[in-house]
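Engineer: My structure is below; once you've seen it, I'll send some questions.
The values are calculated or read from the model by the stated rules, or taken from the named source; none is laboratory data. If you're wondering where the values come from, they're calculated on a predicted model, not measured in any experiment. Neighbour counts are summed over all protein chains in view; Cβ atoms, including those assigned to glycine, are modelled from backbone coordinates with ideal geometry.
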Amino acid sequence: MSIELLSMLGGGVAGFIMRFISAQAEMQAQLFERLMRAQEASDVSADRAAARSPGSWVRRVMALVILFGVVVGPFILALADIPVVVESNGPWWDILDIFPNWDTISGFILLPEVRQGMLALVGFYFGSSQVKL
């Protein structure tokens, strides 16, 4: 092969490679633009949804109610001596629980659901405080 033919072949290969690289760069730029438009649309949608929903106030009220039920409520009811009425099992012959007994006790009943809510609340707030943004 002559030098001219090798030079022409090398120039053709180099031109192909440069054209291929520029086409890849253009495709990457178009993909980036599409992703940015999709992200902007997602951000706008999330902002509109956040403006519509009263989620933060609902969460705050729920947290205050749970904290009251676990921390403040037992102290108030212990000092005020307010009786609490609970339902207990009826007589032994009442299979269908038609005749329940109502007992009066003094104190505060801390239900397992309230304790689980408190554990979830503490885990959520302390867990989110550990995340560094």
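Engineer: Pick from the stretch 75-107 the residues that are touching a residue at least 24 places away in the same chain (Cβ under 8 Å) and at positive phi: which of them is surrounded by the most Cβ atoms within 10 Å (Cβ to Cβ)? Even if it seems obvious, please write down each step before you answer.
Structural biologist: So in the stretch 75-107, the residues touching a residue at least 24 places away in the same chain (Cβ under 8 Å) come out as 77-78, 81-82, 84, 106-107.
Those left that are additionally at positive phi: 81, 107.
Details: Asp81: 8, Gly107: 12.
Taking the candidates together, the pick is Gly107.
Engineer: Among the candidates Val122, Val84, single out the residue that is among the β-branched types (Val, Ile, Thr) and outside any helix (DSSP H, G or I).
Structural biologist: Val84
Engineer: Hey, another quick one. Please state which of the following conditions Ile21 fails to meet, knowing it meets all the rest: (1) β-branched (Val, Ile, Thr); (2) assigned by TED's automatic domain parsing to the domain that holds Leu111; (3) more than 30 Å from Leu110 (Cα to Cα).
Structural biologist: (2)
Engineer: Would you check if Trp102 is at pLDDT 80 or above and touching an Asp or Glu at 6+ places or on another chain (Cβ under 8 Å)?
Structural biologist: Considered against the rule, which asks whether it is at pLDDT 80 or above and touching an Asp or Glu at 6+ places or on another chain (Cβ under 8 Å), Trp102 comes out as yes.
Engineer: Another question about this same structure. Under 30 Å from the mean Cα position of the chain (by Cα) and of a type outside the set (Val, Ile, Thr): which single residue out of Ala29, Ala46 fits that description?
Structural biologist: Ala46
Engineer: Which condition does Leu31 not pass, out of (1) closer than 30 Å to Glu113 by Cα; (2) out of contact with any Gly (no Cβ under 6 Å at 6 or more places or on another chain); (3) of a type in the set (A, V, I, L, M, F, W, C), if it passes all the others?
Structural biologist: The single condition Leu31 does not satisfy is (1).
Engineer: Hey, could you check the stretch 1-25 for residues that are β-branched (Val, Ile, Thr) and at pLDDT below 85 and say which is farthest from the chain's Cα centre (by Cα)?
Structural biologist: Ile3
Engineer: Can you tell me which of Ile105, Ile98, Ile76 is within 30 Å of Met62 (Cβ to Cβ), of a type outside the set (Ser, Thr, Tyr) and either more than 39 Å from the chain's Cα centre (by Cα) or not in a helix (DSSP H, G or I) (or both)?
Structural biologist: Just a single option satisfies the conditions, and that option is Ile105.
Engineer: Among the residues of the stretch 47-73, what is the count of those that are over 14 Å from Ala120 (Cα atoms), surrounded by 10 or more Cβ atoms within 10 Å (Cβ to Cβ) and aliphatic (A, V, I, L, M)?
Structural biologist: 6
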